[in-house]
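These notes concern the structure reproduced below.
The values are calculated or read from the model by the stated rules, or taken from the named source; none is laboratory data. Model, not experiment: these values are computed from the prediction. Every residue, glycine among them, receives a Cβ derived from its backbone with ideal geometry; neighbour counts consider all protein chains shown. Accessible surface is based on the protein model in full, side chains and every heavy atom, while ligands, DNA and RNA are left aside. Shrake-Rupley method; radii C 1.70, N 1.55, O 1.52, S 1.80 Å.
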Amino acid sequence: MAEVDPLTNAGWFDRAGRVIPGGVNSPVRAFRSVGGVPYFVARGQGAHVWDVEGRKYLDYVQSYGASILGHADPGVLAAIADAATRGTTFGAPTVAEVRLAEAICDRVAGCEMVRLVSSGTEATMSAVRVARGATGRDRIVVFEGCYHGHSDGLLAGGGSGVATLGLPASAGVPKAAVAETLVVPYNVVPEIGTDVAAVIVEPVAANMGLVPPVPGFLEGLRAACDRAGALLIFDEVITGFRLGAGGASGMLGVRPDLWCFGKVIGGGLPLSAFGGRADVMSLLAPLGPVYQAGTLSGNPLATAAGLAVLDRLDTGAYQELAARASRLGTGLTEALTSAGLAVQVPVVGPLVGVFFTPTPVTDFAGAKASADTGHYPGLMHGLLDRGVAVAPGAYEVMFPSLSHTDADIDRTIEAAGQAAAD
């Protein structure tokens, strides 16, 4: 069999498949749900990326929201380079991790202490552990369609019925690992028993497409947790410091007991955090009996990048981001509707989603019905053919950055209309 040209996307994908399962290090990148061969990114700058074949794309993936300033921002690169001259990892405390923790707590009302980790999965897993330690209870409640990382206890899927004990959502997850995980529909306040340690939720769901909370949902969760003595955890790995300085809790006015952050706070490098009330966070070792550790936690390059990004995100920046997302959402609605498609294009702050349905989506059943129409792969590839990159999955969202211009937005809208008309 002839060797595929390694300088092409297909060549690199073939080569990757020999040494990396599926040729990718995160499953959605393989294009399995949309078909075709993934493009391999050679470099990025601002709102654009270039693949190994030299093709330029206007990028709305932006590392799934991590690159809020755009790719290779000069200020972030300078901060990383400066930190690197002093060393890349120490396994000892550094000043920058204290400064980043202070910056997070200063911006998020009610978040009194944080611990830095390296991934969103670590953050959510650790927050659940702290909640169980604080309450002495085992059961947790999750919502169908929300994603909280790939730790065993949070990889649960629903069975039959409105609210079910979790079933393993992946091979390799023991039934016992999700036996205390209750899966319920999003945007419906469930009954919370006194055996529940915590309810974990994306306050604005962004892993089943973009599904905002309906009025009263988050307030109802807060009240239900208070009545039962359970803790409320907001998974703001995506929404934290993207929707605003205070994240979703600041925008929507509901305060959880614990938060999980990621993406934006690492400035494009691997860094996440979980935090909350001081009395709960003080249960962590070395102060308390709940153990959590990480050799690379608080990495000096990542904390330098995160601080550089947060320093840039003032009120004006968030207004600019929201205005661009609104412009994109309105334009996509008009372009796709004009092509004869029934669509919903929800916009929350600087997040934009696309559903192929005539009515608003409020839960995973609606998101799945949209995905089942089969329209998304055609739109995604039609955009890609016109030099616009969106995530290769119908359950993802679009992430306009501060590097995207009005001209970029207009070009995207035009490309979407052409792709839909094909």
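Results, tabulated for the structure shown:
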{"read-out": "Set of aspartates and glutamates with alpha-carbon distance to Lys368 below 16 Å, sequence-local pairs under 8 removed", "value": "Glu144, Glu396"}
{"read-out": "Percent carbon-and-sulfur accessible area, region 168-325, ignoring ligands, DNA and RNA, probe 1.4 Å", "value": "57 percent"}
{"read-out": "Inverse mean reciprocal Cα-Cα distance (Kirkwood Rh) of the chain, Å", "value": "22.1 Å"}
{"read-out": "Ranked packing of 278-288, 326-336, most packed first, by mean Cβ within 10 Å", "value": "326-336, 278-288"}
{"read-out": "Highest-MSF residue in the chain out of Gly393, Gly266, Gly298 [GNM, Cα springs under 10 Å]", "value": "Gly393"}
{"read-out": "Nonlocal amide H pairs with Leu231, under 5 Å, H built at 1.01 Å", "value": "Ala198, Val199"}
{"read-out": "Residue-averaged [θ]222 nm for the chain, counting only DSSP H segments that reach four residues, each worth -39500 (n - 2.57)", "value": "-10500 deg cm²/dmol"}
{"read-out": "Dimensionless Rg/Rh of region 5-113 - Kirkwood Rh, Rg from C-alpha atoms", "value": "1.08"}
{"read-out": "Accessible area of Arg255 in the full protein assembly, 1.4 Å probe (Å², nearest 10)", "value": "130 Å²"}
{"read-out": "With DNA, RNA and ligands ignored, accessible area of Ser26 (1.4 Å probe; Å², nearest 10)", "value": "40 Å²"}
{"read-out": "Accessible heavy-atom area order of Trp50, Trp12, Trp259, highest first, probe of 1.4 Å", "value": "Trp12, Trp50, Trp259"}
{"read-out": "Phe143 long-range amide H proximity, modeled H, under 5 Å", "value": "Val184"}
{"read-out": "Residue order for Leu313, Leu77 - accessible surface, 1.4 angstrom probe, largest first", "value": "Leu77, Leu313"}
{"read-out": "Accessible area (Å², per residue) of the chain, counting only protein heavy atoms and a probe of 1.4 Å", "value": "42 Å²"}
{"read-out": "Relative contact order computed over region 110-269 (Cα-Cα under 8 Å; 6+ residues apart), in percent", "value": "23 percent"}
{"read-out": "Theoretical gain in end-to-end length, Ala339 to Arg386 [0.36 nm per residue, Cα-Cα removed]", "value": "15.2 nm"}
{"read-out": "Residue order for Glu191, Glu144, Glu396, Glu53 - accessible surface, 1.4 angstrom probe, largest first", "value": "Glu191, Glu53, Glu144, Glu396"}
{"read-out": "Sites Val188 and Leu7, calculated FRET efficiency, Cβ-Cβ separation with R0 45 Å, nearest 0.05", "value": "0.30"}
